[in-house]
Structures are given as structure tokens and as C-alpha cells.
Amino acid sequence: HIYGQTNGLRDAGGTLKYVYDPEPDRLRRFVDTYPDVQVVDSLDAILADPDIRLVNAAAIPQARADIGMRVLEAGKDYFTDKSPFTSQAQLDAVRQTVARTGGKYAVYYAERLHNDAAWRAGELIEAGAIGRVLQVLNLAPHRLAKDTRPDWFFDKACYGGILTDIGSHQVEQFLTYAGCADASINFARVENFSHPDKPGLEDFGELSLTGDTGASFYTRVDWYTPEGLRTWGDGRTFIVGTEGTIELRKYLDVAGDAPSSKLFLVNRTGEQEMECLDRTGFPFFGQFILDCIHRSENAMSQEHAFKAAQISMQAQVLADKAREQG
């Protein structure tokens, strides 16, 4: 995800100055992709440069909060991959640090921020195309690619659980589309159905929410993308409003176009199919850069970024308890 984060910021006008990574192979690939970047031997070297305004990182999930707090204490803003935390204690500590420093702890919820159809859906909803949102249904299969994953990927202490990790993407989308500031959890479930050799892996998760607007939400997250699919996952979203519906086929149109980012809108004016791929320009990144400069919150509020993570972690705790009780 670090490449998506970096590309988004650079395309919006940001300047990539430094890179630090303790793993030589990862570092080499990054430098090959961005040959003008300067390699440094520590995060401290980046934090010591007064010209650096924003630190962009995609560390192991368990380490993201500690890195972020170091960045904030150094007087800089932070942009991290999701999930931004693996525990409520981390979130509590980061909240305190944000309040004390005034820094931004921003999160790369890429399944909305860096997907054309998902972004366009938000624009249409905001414009009133389907009225008030009543329900969001998100399906988020991912390809496991087990043989290529690092050891930490299968250590739950490192990634926090499937609802904490992938689920945070989905909760963020619901809060945005339904215009919710908060939500209650109806049920949550996690399982490891097919990988007894990796007991720390959760390969399936689901949760249901009711938002403070009354809108409902269901998501399924899993590691069951078939090998024959042409991309890493057939992500789908279905949104029901009082005056219309939206369906998203985010990454491909099965047995049709790939890559693709399609949106289907049905409302009082009729039916529309929109191919959104490469047509939005991903406005979040420019908005976020301006927020860092002007200390505004137009791209995403700090509370929204935190709330999506908080709800997904609370759902994970409930699912863990249910699984332990059999």
C-alpha cells in the first residue's frame, strides 16, 4: 500500500524527499520505483528535517501507532496505511497525542479514497442522487497468496484480526455513505475455516451495524478470492437510498472488463452504467495536502478516521469473545 499512498500524494503535488526502511529488498524496490528519493538510515533523520511536513508510512499494523506518535511529537503530520491501530489502548494514546500536538493522524482507507467508483458514489450521494441512505452492503474478498506473505501477516497480535484490519475499510465507507458519526454493533463474527496450519490467521469475518442515522450496514471480509480471478478481489458495494440505488463493481466486471471500476445508478430519472476508471483524479489527496497546509479538515475529519477504526476494533473484540465461547 505504500506505493498507492506515495503515488496519490505525488500526483497531487507532494514532493517525496526521503525513504527509510530497515529491510534492504523492500528499500531497493522502492528506490527503483522512485529513483530521486534520498535514502536515510533512520526515522529520526526524517523527523529532524524542518522542511518535512508529512510522514507517509505503511509499517506492520501493530507498530503504526507508535510511529505516528513519534511523528506527531516531532511537529509533523502522519499518513498511515489502514488499519491505523490494533487496540483501543493505541487509539486512546494517539487521541491524547493529537490533542496535545495539534498534528494530523490521517489514514489511507484506500477502498474508498483510491477507487474511482467508490469515490464517485460518495459524490452522487452527497448530490442527492439516491436520497437518504438506508443501507450499505459491502463485500470485500481478498486474495490470500499465502506463500508470499511475511510471517507477521499470520500473527494476530501484529495485524489485530480481520475485522480490525480489512474491516476498517468497510466501516469507513459506511460512515461516509450513510452520513453517520457513530454506529452500534448488531453482531460480529470471525473464523479460520481453511488454514489450520496458520492458527493466527482469520480467513473470514462479518459484521452488522446500525448507524446513528438509522441506516444499516453489513459487510463480509475474507481471504477467499479464487485463483482464476484477474485481480486481487471482486469488491462490491450495494447502497439503498430513499430515492434510488447504487451498485459498485470496484475492481473488475466479472467475465467482462478488467481492470474496471463501474457504478450502476438507478433512480427516478432511469438507469445508468458508468465506467469510472481513471476519471475521478482521486481528489482526497489534494484535499489532504491542503488540509495539512491550512490546518483544515476538508478531506476527512480526524474524528471520522478514528471512529472507523474504533468501531472495527470493537467489532473484533465482540467476535473474538464469541469465537472463544464456541
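Overview of values
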{"quantity": "Accessible solvent surface per residue of the chain, calculated while the other protein chains remain in place, 1.4 angstrom probe, Å²", "calculated": "45"}
{"quantity": "FRET E, pair residue 123, residue 290, Förster distance 22 Å, beta-carbon r, rounded to 0.05", "calculated": "0.75"}
{"quantity": "Kyte-Doolittle at least -1.0, axis length at least 30 Å by Cα - qualifying DSSP helices, the chain", "calculated": "302-324"}
{"quantity": "Euclidean distance of C-alpha centroids, segment 255-305 and segment 206-236, integer Å", "calculated": "18"}
{"quantity": "Accessible area, probe 1.4 Å, largest first, for residues 278, 257, 291", "calculated": "278, 257, 291"}
{"quantity": "Percent carbon-and-sulfur accessible area, segment 244-326, ignoring ligands, DNA and RNA, probe 1.4 Å", "calculated": "50"}
{"quantity": "Protein-only accessible surface order, largest first, of 274, 313 at 1.4 Å", "calculated": "274, 313"}
{"quantity": "Of the chymotrypsin sites (Phe, Trp or Tyr not before Pro) in segment 143-205, those whose Cβ has at most 13 other Cβ within 10 Å and which sit in DSSP loop", "calculated": "193"}
{"quantity": "Exposed-loop-free span, longest in the chain, where GluC sites (Glu not before Pro) count as exposed if DSSP calls them loop and at most 14 other C-beta atoms lie within 10 Å", "calculated": "1-226"}
{"quantity": "Of the trypsin sites (Lys or Arg not before Pro) in segment 255-326, those whose Cβ has at most 15 other Cβ within 10 Å and which sit in DSSP loop", "calculated": "268, 279, 295"}
{"quantity": "With all protein chains modelled, accessible area of residue 290 [1.4 Å, Å²]", "calculated": "90"}
{"quantity": "Choice from 210, 80, 15 with maximal GNM fluctuation in the chain (Cα, 10 Å cutoff)", "calculated": "15"}
{"quantity": "Rounded to the nearest 10 Å², the accessible area of residue 232 at probe 1.4 Å", "calculated": "100"}
{"quantity": "The chain: relative contact order as a whole-number percent, Cα under 8 Å and 6+ apart", "calculated": "19"}
{"quantity": "Within the chain, percent of DSSP bridges classed antiparallel, to nearest 5", "calculated": "70"}
{"quantity": "Listed residue pairs exceeding 31 Å between alpha carbons, taken from 156/262; 198/250; 17/82; 250/307", "calculated": "156/262"}
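The values are calculated or read from the model by the stated rules, or taken from the named source; none is laboratory data. Keep in mind that this is a model prediction, so the values were computed, not measured. Note that each Cβ is placed from the backbone with ideal geometry, even for glycine, and that neighbours are counted across all protein chains shown. Just the protein is used for accessible areas: all its heavy atoms, side chains included, with ligands, DNA and RNA removed. Shrake-Rupley method; radii C 1.70, N 1.55, O 1.52, S 1.80 Å.
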